[in-house]
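This report refers to the structure that appears directly beneath it.
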Amino acid sequence: MKILVAEHAGFCFGVERAVGIVEDTANKKSNVITLGPIIHNPQLVNKLKEKGVLPLENIDEVKDVHTVIIRSHGITKDNYELLKNKGVEIIDATCPFVIKAHNSAMKLSKEGYSVIVFGDKNHPEVKGIVSYVEGEYFLVSNSEEAKNLPFRKKYGLVAQTTQNSQSFEEVVSVVQDKCDELKVINTICNATTHRQEAAKEVAKQVDMMIVIGGKNSGNTRRLFEICSELCKNTVHIETKDELSEKMFENIEKVGITAGASTPDYLIKDVINYLEEVKNERERKENR
Ligand code: SF4
């Protein structure tokens, strides 16, 4: 059995940076909290809890004794102001690419464009992006929804950083017919595009594809969708414990990819497990 690992898989720059900030802060301070889990990976969030870093869901629970770390996908402008007014220490781990999306949305609205944000409507990053729009905005999660947009003179379009580039292009082509002038700022970050392209490259060559990452991680779920189109036998797992030897019967080539919020050690666990399955199979064949 051959094991192929996607060239780009696992932690992206922004997540690595945010997790590093949390670990450093936890070593120096007590009462450290994150607003929501620092990343969409339950295993890593649990490890950080053991170090005393608690994810608080509700901003009302933040007390003045807390050091608050803002996670990589950012928060809304209003919540940032609320935190400042509470007088807490704020450590901002928002990814620079997400800040670019905030600034692009704000710039477009200031220039008089009706802003369209392409992304998951309920995702905190998208809520953060729209909070920087100073005028009218619309949220669309696919090109079908874009078809229902009203006609406007000037549309400005940005995207949630982790969206699929191909779907973004589809939205662009629909919106072109909905306005006189369209300004597109592609805010999808390279990490996402690289992971998606590398995953495709592997998925089209294998009999089985394993996508590792939080079930609550949007970018991991998108990798799963992309891989499923190219390899029918694609599974989404969080840890190696969800795998069994039986799943690899008749599999000659297995591929691996992982979301941008998947820690390296979870990927290595899966690779080691597959190596064991492979070795065991070879032992049986040589008997
Ligand atoms: S996926 Fe991109 S935008 Fe999001 S944290 Fe990673 S590098 Fe930043």
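The values are calculated or read from the model by the stated rules, or taken from the named source; none is laboratory data. This is a predicted model, so every value here is computed, not measured. Note that we place each Cβ from the backbone using ideal geometry, even for glycine, and neighbour counts take in every protein chain shown. What goes into the accessible areas is simple: the full protein's heavy atoms, side chains included, and nothing from ligands, DNA or RNA. Shrake-Rupley method; radii C 1.70, N 1.55, O 1.52, S 1.80 Å.
Express in whole angstrom the spacing between the alpha-carbon centres of segment 161-234 and segment 64-122.
Their Cα centres are 23 Å away from one another.
How large is the dipole of segment 4-102 about the Cα centre if only Lys and Arg carry +1 and Asp and Glu carry -1, each at its Cβ, rounded to the nearest 20 debye?
Rounded to the nearest 20 debye, it is 120 debye.
Ignoring any ligand, DNA or RNA, what whole percent of the accessible area of segment 13-94 comes from carbon and sulfur when the probe is 1.4 angstrom?
Carbon plus sulfur share of accessible area: 45 percent.
Quick one: helix 96-110 against the long Cα principal axis of the chain, what's the angle to the nearest 10°, folded into 0 to 90?
30
With every protein chain kept in place and ligands, DNA and RNA left out, what is the accessible area per residue of the chain? Probe 1.4 Å, answer in Å².
Result: 48 Å² per residue.
What net charge do the residues around N142 carry, taking every other residue with its C-beta under 13 Å from that of N142, with Lys and Arg at +1 and Asp and Glu at -1? If you can, show how the numbers build up before the last one.
Working: positive: K121, K147, R222; negative: D120, E144, E145, E169, E170, E225.
Taking every other residue near N142 into account, the sum is -3.
Mean separation of Cα pairs under 8 Å and 6+ residues apart, divided by the residue count of segment 13-94: what relative contact order is that in percent?
The normalised contact order for segment 13-94 reaches 33 percent.
Please label the shape of the chain as rounded, prolate or oblate, based on the square roots a ≥ b ≥ c of the eigenvalues of the alpha-carbon gyration tensor (a/c under 1.5 means rounded; beyond that, a/b larger than b/c means prolate, else oblate).
On the way: a/c = 3.07, a/b = 1.30, b/c = 2.36.
Oblate, because a/c is 1.5 or more while a/b does not exceed b/c.
Could you pull out every one of the lysines with an alpha carbon less than 23 Å from that of K29, ignoring same-chain neighbours closer than 8 positions?
Excluding near neighbours in sequence, the set is K47, K49, K51, K63, K84, K86.
May I ask for the angle, rounded to the nearest 10°, between helix 264-286 and the longest principal axis of the chain, with both axes built from Cα atoms and the value confined to 0 to 90°?
With rounding to tens, the tilt is 20 degrees.
With unit charges on the beta carbon (Lys/Arg positive, Asp/Glu negative), name the residue among S143, L108, P55 whose Cα is farthest towards the positive pole of the charge dipole of the chain.
The listed residue farthest towards the positive side: L108.
About the Cα centre of the chain, what is the dipole size in debye to 20, counting +1 per Lys and Arg Cβ and -1 per Asp and Glu Cβ, all else neutral?
Charge dipole of the chain: 240 debye, to the nearest 20.
Residues in segment 240-268, backbone N under 17 Å from the label point at E276 (7 Å along the Cα-to-beta-carbon vector): list them, ranges by number please.
240-249, 265-268
Could you please state how large a percent of the accessible area of segment 97-188 is carbon and sulfur, counting protein chains only and using a 1.4 Å probe?
Taking all protein chains in place, segment 97-188 shows 48 percent carbon and sulfur surface.
In the neighborhood of C95, defined by Cβ-to-Cβ distances under 13 Å, what is the net charge if each Lys or Arg adds +1 and each Asp or Glu adds -1?
Summing Lys and Arg as +1 and Asp and Glu as -1 gives 0.
If I fit a long axis through the Cα atoms of helix 77-86 and take the longest principal axis of the Cα atoms of the chain, what angle between them do I get, 0 to 90°, rounded to 10?
80
Shape call for segment 97-188 from the C-alpha gyration tensor, a ≥ b ≥ c root eigenvalues: rounded (a/c under 1.5), prolate (a/b greater than b/c) or oblate? Intermediate results must be reported in sequence, preceding the final value.
Working: a/c = 1.58, a/b = 1.12, b/c = 1.41.
Verdict is oblate for segment 97-188.
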